[in-house]
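The structure appears below as structure tokens.
Coordinate-derived values only; no laboratory data. Please read all numbers here as calculations on a predicted model, not as lab measurements. Note that we place each Cβ from the backbone using ideal geometry, even for glycine, and neighbour counts take in every protein chain shown.
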């Protein structure tokens, strides 16, 4: 959590320094939030992501891309996606002071939308890590997140729904699987990964549930902190 606090601190120091010049009256620094972006639109071309007039992605964001947390002014903001110079879509979101968010660009390219999730980045219990599951697979029914030993970690997440962060044993190797809710056969098996104690992770299902090509149902794991 330390580097996330430093993210806010650096932004506030910069803003405070500007507002504390002797030639101008003191103005309290504006409220700050943090937001990350997930490109979950399977059939979209590379897009440039903006928050109001500020470009978030240094290069064009492609399907499956994850952009790390960036500081942003709190309040009402517009998330905008461009293909080249053409605005493809925009959506208003509200960011609350001091909170962290994940913005998922999802749906089909013809009818995209943004799903904004509030990230509760609390420290896990001793010797544990926190796992959150997000279902962003277009057309998917309820999905479960499990482990290849048959254990279920998160159950019954509908499309565009997320779970709370769930504590699991840390410093341990896991092979996570995605199953259709109530079934035992894995639809997706993720590569084996070591989950480190003291960290928060997001596992997100993506793609088109019924597809069999490059846009088929898949999943990735992201280290939140």
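For the reader, a short list of remarks on this structure follows.
- Label-point gap, in nm, between residue 211 and residue 70 - each point 7 angstrom along Cα→Cβ: 2.5 nm
- Here the extension length gained between residue 46 and residue 59 equals 3.8 nm, from 0.36 nm per residue of separation less the Cα-Cα distance.
- Cα centroid separation - the range 197-225 against the range 105-119, whole Å: 15 Å
- Of interest is the spacing of the C-alpha centroids, which for the range 132-186 and the range 48-79 amounts to 27 Å.
- Within the range 31-119, percent of DSSP bridges classed antiparallel, to nearest 5: 85 percent
- Cα shape, the range 124-225, gyration tensor, a/c 1.5 rule: prolate
- Mean projected area (nm²) of the alpha-carbon convex hull when the range 31-119 is viewed from all directions: 5.0 nm²
- Computed on the range 99-164, with alpha-carbon pairs under 8 angstrom and 6+ residues apart, the relative contact order is 26 percent.
- Computed over the chain, the per-residue total of -39500 (n - 2.57) for DSSP H runs of n ≥ 4 gives a 222 nm mean residue ellipticity of -2500 deg cm²/dmol, rounded to 500.
- With the simple model of a label 7 Å out from the Cα in the direction of the Cβ, residue 161 to residue 108 spans 2.3 nm.
- The packing ranking, built from the mean of other Cβ atoms within 10 Å per residue, places the peptides 94-106, 131-143, 180-192 in the order 131-143, 94-106, 180-192, highest first.
- Computed over the chain, relative contact order equals 16 percent, with contacts defined as Cα pairs under 8 Å that lie 6+ residues apart.
- Beta bridges per DSSP with both ends in the chain, % antiparallel, nearest 5: 80 percent
- Prolate/oblate/rounded label for the range 134-173 (Cα gyration tensor, a/c 1.5): prolate
- Extent along the principal axes, Cα only, for the chain: 68, 47, 24 Å, with the longest axis given first.
- Label-point separation, residue 221 to residue 87 (7 Å along Cα→Cβ), nm: 4.0 nm
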